[in-house]
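Taking it in order: structure first as structure tokens, then the write-up.
The values are calculated or read from the model by the stated rules, or taken from the named source; none is laboratory data. Note that the coordinates shown come from a computational prediction; the quantities given were computed from them, not determined experimentally. Please note: Cβ atoms are built from the backbone with ideal geometry, for glycine as well, and neighbour counts cover all protein chains shown. Ligands, DNA and RNA are stripped out before the accessible areas are found, and what is left, the full protein with its side chains, is counted by its heavy atoms. Shrake-Rupley method; radii C 1.70, N 1.55, O 1.52, S 1.80 Å.
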Amino acid sequence: MKTSNFPKCYKKETKPNKFCPGCGHSLTLKTLGQVIDGFEISKKMVFGIDIGCSLLAWDFFDIDTVQTHHGRVVPVIKGIKMASPKTVAIAYMGDGGGYAIGLQSLLHSAKRNDPITVILVNNTLYGMTGGQKAPTTMKGEVTSSTPGGVFTDDEPFMGPELINHITKGKAYTARASVGNLFDLKRKIQEAIMYQINGKGFAFVEVLSMCPLNWKTDVKNTIEFLDKMEKVFPVGVIGKS
Amino acid sequence: MAVKVKAKKYLLTGNEIIVQAALDAGAEMFCGYPITPTTEILTGWAEKAAKDKNLLFLQTEDETSAGFTVIGGVLAGKKAWTATAGPGNILMQDPMSMAEAMRLPTVCYIGQRGGPSTGTVIYSQQEVTLTRFGGNGEGMRIVYSPSTLQELYDLTIKAFEAAWKYRFPTFVLGDGYLGKTLGDVDFHKKPKNYASYPFVQNGEINNLRNTFSIEEELYDNLKDHFKDFTEMSKDVSECEEFMLKDAQTVVFAHGVVGSATKMAVRELREEGYRVGLFRPITLSPFPSKETIRAVKRAKRIVIAESSYGQFGRIVREVLYGVTDIPVHRLYRPAVGIMPEDIVEKVKNISK
Ligand SMILES: Cc1ncc(C[n+]2csc(CCOP(=O)(O)OP(=O)(O)O)c2C)c(N)n1
Ligand code: SF4
């Protein structure tokens, strides 16, 4: 099999990967892999992953990877960065991990301006457990715990905006989408450079698809992502 | 502030002793969240870290985060540790179960306080079960139970040694009486300082996980842990056997209740009672062989503890089927046990 357009930092033995076909995690990780190749940091970094579908990436890269508990990847990565400041420390998690169970740690890490990079995949639901409501679930969205779209009157969670607010614009905060991989790549690059340049906390939320739990075909998947981009504005929200 | 008593003797509180012991064991990083009776460990470390830039310190947003940040430090090769109590010990079980699964040498001091729930804030022996078996695993942990200030120092150092040597999460199970007592301690012992090492950024590519998709894969992994635990048990388990040779009554006690029992035994011996103390120094791995040996010639057993049988359950499990001599209980959950209480108990049952 010709694999030349795979990022060099891929662990080839574990490809094809474990994500569902059409999953936005694979696209996000491929983009991250390209950035890692470009910066030549694969030997100088630790990749931390949460529980959620992100755990499927525990052996995705030929890179030091640590998988932890649901919502706990930020403190683990912070601990590594504290103990080994030269390491490029990247945390990768879902919206349930970051905005529900692990929100406290995410916000405090941002507040402390910890020099780490956090990439959070927003697919508007809990993928791994079968598509329940997440803090990012949109109004009227049908999930396995919001049948017919009930119980969705609350506002979807605006993560980068919140972090930007509490850090008074000191952190790098951005939202990108797997619908525009070129833009996603640029934002991941900026978020990693932010850490390397010692500027502090960097956070990218990635709008991503979960066709399995959205129960969408290709056309509807793209439409769903378009709708997400209207609810969650893509762009750089803050940086210094 | 340490007041120097004699050449190498210092007058310190228990919590100050713990900090000094951690430093002498080579600890470099502390993350924690304030909770009585262990707060002075956090503030004590913060004071040291403020003066020494090689010492890392983080006051986290909660104990869960403290434990996971410690895990990050350990993964990067630092002797990292934490201290907590009661409700904090509950939250600490989340990271400690990860440490147990991934065999990470974390060190955690527990200052037991009264429970359940918020309870009281200074003293109990009610965190035995939680500390030994907290988490959704099999209790592959090392747990030391110091009974004096000197032991607090020695066992805290040992905890770091054992953690890094055998790679099981290691706990020192104290309480607020010990932590807040002022006394002298001998720093003579030169600790061995078992070296730390990184689990990432160590020249290899490490893909570390605690999640498995195949049941047999996890089972194989656990079997290795059980084997390693059994093997290290004989080197790590420790106990004190005091006046047991001709003892007809054997009192089982640990921690500060062990100290009280020792005083009671001395007093009772003066009055002619044939009584002795068996005091496990490690609650996990438990000195089972010695426990069985201790009751060989005994006529009765007393189990004394400041909980409602958490320690007693361990002793009785070890002795199950070994002896049928009567077991007397002196269970006083979350209250202290004085030497007089033990003297009275032993006299009553010896009649
Ligand atoms: C403490 C704890 N609670 C619950 C779970 C079950 N659980 C596993 S993954 C998950 C949600 C994952 O959703 P998200 O973080 O959005 O990631 P995704 O799978 O969508 O990528 C939950 C609730 C768990 N593993 N641990
Ligand atoms: S369940 Fe959803 S998020 Fe998880 S791998 Fe499948 S498509 Fe991706």
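Observations on the structure shown:
- Residues of the range B:174-188 classified as open to solvent by 70 Å² or more (accessible area, probe 1.4 Å) and part of a loop (DSSP other than H, G, I, E, B), total: 1
- Close contacts from the range B:190-218, counting a first residue that is closer than 24 Å to A:Ala83 by Cβ and a second that is open to solvent by 70 Å² or more (accessible area, probe 1.4 Å) and among the charged types (D, E, K, R), with Cβ to Cβ under 9 Å and a gap of 6+ residues or different chains, come to B:Pro191/B:Lys158; B:Tyr194/B:Lys165; B:Gln201/A:Lys43; B:Gln201/A:Lys44; B:Gln201/A:Lys86; B:Ile205/A:Lys43.
Every residue, every condition in (1) of a type outside the set (Val, Ile, Thr); (2) crowded, with 19+ Cβ neighbours inside 10 Å; (3) without any contact (Cβ under 8 Å) to a residue 60 or more places away in the chain, yes or no:
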{"residue": "B:Phe57", "(1), (2), (3)": "yes, no, yes"}
{"residue": "B:Thr60", "(1), (2), (3)": "no, yes, yes"}
{"residue": "B:Ala66", "(1), (2), (3)": "yes, yes, yes"}
{"residue": "B:Gly73", "(1), (2), (3)": "yes, yes, yes"}
{"residue": "B:Gly77", "(1), (2), (3)": "yes, yes, no"}
{"residue": "B:Gln93", "(1), (2), (3)": "yes, yes, yes"}
{"residue": "B:Ser97", "(1), (2), (3)": "yes, yes, yes"}
{"residue": "B:Gly119", "(1), (2), (3)": "yes, no, no"}
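- Residue match in the range B:201-213 (condition: within 14 Å of another protein chain (Cβ to nearest Cβ) and part of a helix (DSSP H, G or I)): no
- Exclusive hit being of a type in the set (A, V, I, L, M) and within 16 Å of ligand 2 (Cβ to nearest atom), set A:Val231, A:Val204, A:Val218: A:Val218
- Being open to solvent by 40 Å² or more (accessible area, probe 1.4 Å), at pLDDT 95 or above and more than 9 Å from every other protein chain (Cβ to nearest Cβ) holds for only one residue in A:Phe39, A:Phe19, A:Phe6, and it is A:Phe39.
- Residue match in the range A:69-85 (condition: within 16 Å of ligand 2 (Cβ to nearest atom), more than 22 Å from B:Gln93 (Cα to Cα) and more than 7 Å from chain B (Cβ to nearest Cβ)): no
- Matching residues, the range A:182-232, being among the hydroxyl-bearing types (Ser, Thr, Tyr) and without any contact (Cβ under 8 Å) to a residue 24 or more places away in the chain: A:Thr216
- Considering the conditions (1) away from ligand 1 (no atom under 16 Å from the Cβ); (2) within 14 Å of chain B (Cβ to nearest Cβ); (3) not β-branched (Val, Ile, Thr), A:Met128 is excluded by exactly one of them, (1).
- Selection status of A:Ser26, part of a helix (DSSP H, G or I) and surrounded by 24 or more Cβ atoms within 10 Å (Cβ to Cβ): no
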